[in-house]
Structure formats: C-alpha cells, structure tokens
Amino acid sequence: MTVLVLTQRLDPTADLVIRELRQRGTPVLRCDPGDFPESVGLAARISATGAVTGTLRVGEREVELSEITSVYHRRPTPHRTHFRLDRSEGHWSAREAAAGFGGVLTALDRPWVNHPDLARAAAHKPHQLVAAARVGLTVPESLVTNRADTARLFTGARERTVYKAMTGGPDAAGAPDRANALFTTLVTPDEITPGVARTAHLFQRWVDKAYEVRLTVVGQRLFATRIDAHGQKARTDWRSDYRNLSYRLVQAPEDVTRAVHRLVSGLRLAYAALDFVVTPDGRWVFLELNPNGQWGWLQLATGQPIAAAIADHLKESSA
C-alpha cells in the first residue's frame, strides 16, 4: 500500500502526517499536482471494463496506480504549464492537466482526506450555515447580498454587525495562487458603500464571546482547542493577531459533539476544522467550517495528536 500526499513542496503540516505514516511503516508518495505535466509523469490505461491501471512518476520514483490505497489532499498548487505556451494555450493546457490528472486519481475510487469535489462543495459558507442549523447547531443571523440598501438595513437593525469574506482576500500581487488575508470586520451602516454591488458580501450579527474554539475533526475523533484573545484585533478575528493568543484544551458539550458529527458526515468529509464562539453564558455558536483548515500550529501548541489521527485514518480507511 502507498498513501499519496498531494501538496506543495513546502508544507510543514503535511510533513507531520508523512512522518507519522513512515513511523508506521506505510510507504508515502508526495506529489504536487502543480508539477504535472512538466516534472510529474502519469500513464493511465482505462480498460473496457473500467479498470484503471498504470503508473505515477515523481522524480526518480514510480508507483503503480493500483498501489495507491488512500489520498491526503492537503495544499497542492495549480498546474503550471510550459513557458513557451502563450496565455491561451497555457490556460487550455492547465485545464487539460487538471481534468486528466485529477480525473484519473478520483477514478481510482480510493478514500480521500478530503475528496476535492466534496471539499469544494463544503467550503461554501452559506451552505455550511444552513447545514449546521439543520443538524442542531446554533448559528448567527446572516445576510448574503450585493445590495447596499439591504446591507444597511440589516446592519442598522442590530447592535453590532460584522462583514466576513467567504473565500479569503484578493489574490496577492504577482502570486495568483495565493490570496491576501481579509479579516472579519465590524461595520456600521454608514460604512457600507455602493461598492457592495460589485460582488456577494456576507454580513452577520456580532456574537458576544467569552472565548473561541477551533474544533478539529478527523473521522470520529474530535480535538477541541480553546482560543483566548489578549488583544483588540484578536478579539474581533483571532487570525489577525496570533501573537496575542493563548490555547488550552477544552471539552465540547455532548449536544455539540453529536451535531458536529452529523454535520461533517452529511458533508461527506473525513476532516474538517470548525470555528465556534462560546458566549459568556456558555452557548456554543457555529461560525464556519474549513474542509482543509490548518491544524499544525495547534498540535505544536497543545500536544494534541492530530497528525497521528490523520495518519491512522489514511491507513485504516484503506485497509
């Protein structure tokens, strides 16, 4: 058996899982799909009966497709094309590379953490909020709109309102495969401009917080980390000020645990990182779910064996 790890060349989080797998004696093939087709080789044959055979070559190493027993889809880069292709040819080449490379791997019908199609569907925040509410989680009142007048009315009718980006920020200059961070922001009605009409915006009622929780889900295992903010920026969005955060382990209430399992199972995910606000009166309020959220820094800060859980899941799910 071989676990295929799809990620970029520099990914310390994936390194933690690869190390765990190797300690278990599990062969690993690390591959960045962005290197296909220039420095990764694929030869796949599809028989009249639907059998997929062939090889995947990364550097000097080549494995039979039949040897791949599970796939860890972490942080791959987009397919890079030959420098001699013009822009139109490059776009076509990248589309064909994605269709061929991704199509073959998904056709193998192996366990994924997470399957990219399921992860893309689960990443839509409006969908998450509805799904979370339906399984019994408390969610903040929200508005998705491109109408400035509607946004002003929503904001004016509540004591405090926040704006949240749904897909991250705009692309970083000169790096279209990376996005600038766009943090949660408190907004007032007079700050909402006609520019709202240019795209969809997510506004939410502010939820008073005692602290926040990052709940990491790996299969049936849950790892809950309490996040306390010690600065004003971090109190609005803890991602904006990591230096003023502290962490400790916390236990999720049983009703939240049951609802989270229903949510993640319903979205058909093997891994998810969920963010909650815990109010001063102890209510857990679901904010969002990231099907490929970061977890490495939490393992280092708290000692939670998240990498081991992912390695176990990749090995056990393919047994």
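Quick notes on this one:
- Top-ranked residue in the range 282-304 [being under 12 Å from Thr138 (Cβ atoms) and more than 20 Å from the chain's Cα centre (by Cα); ranked as surrounded by the fewest Cβ atoms within 10 Å (Cβ to Cβ)]: Gly282
- Filter result for Gly100 (in a helix (DSSP H, G or I) and modelled with pLDDT under 95): no
- No other residue among Glu67, Glu60 is at negative phi, of a type in the set (Asp, Glu) and in contact with a strand residue (DSSP E or B) (Cβ under 8 Å, 6 or more places away or on another chain) apart from Glu67.
- Lone qualifier among Thr225, Thr216 - being closer than 17 Å to Gly303 by Cβ, surrounded by 19 or more Cβ atoms within 10 Å (Cβ to Cβ), in contact with a Gly (Cβ under 8 Å, 6 or more places away or on another chain) and touching a residue at least 60 places away in the same chain (Cβ under 8 Å): Thr216
- Restricting the range 120-169 to residues that are under 21 Å from the mean Cα position of the chain (by Cα) and over 23 Å from Val277 (Cα atoms), the residue that is surrounded by the most Cβ atoms within 10 Å (Cβ to Cβ) is Ala121.
The values are calculated or read from the model by the stated rules, or taken from the named source; none is laboratory data. Nothing here was measured: the structure is a model prediction, and the numbers come from that model. Neighbour counts run over all protein chains shown; Cβ positions are idealised from the backbone, glycine included.
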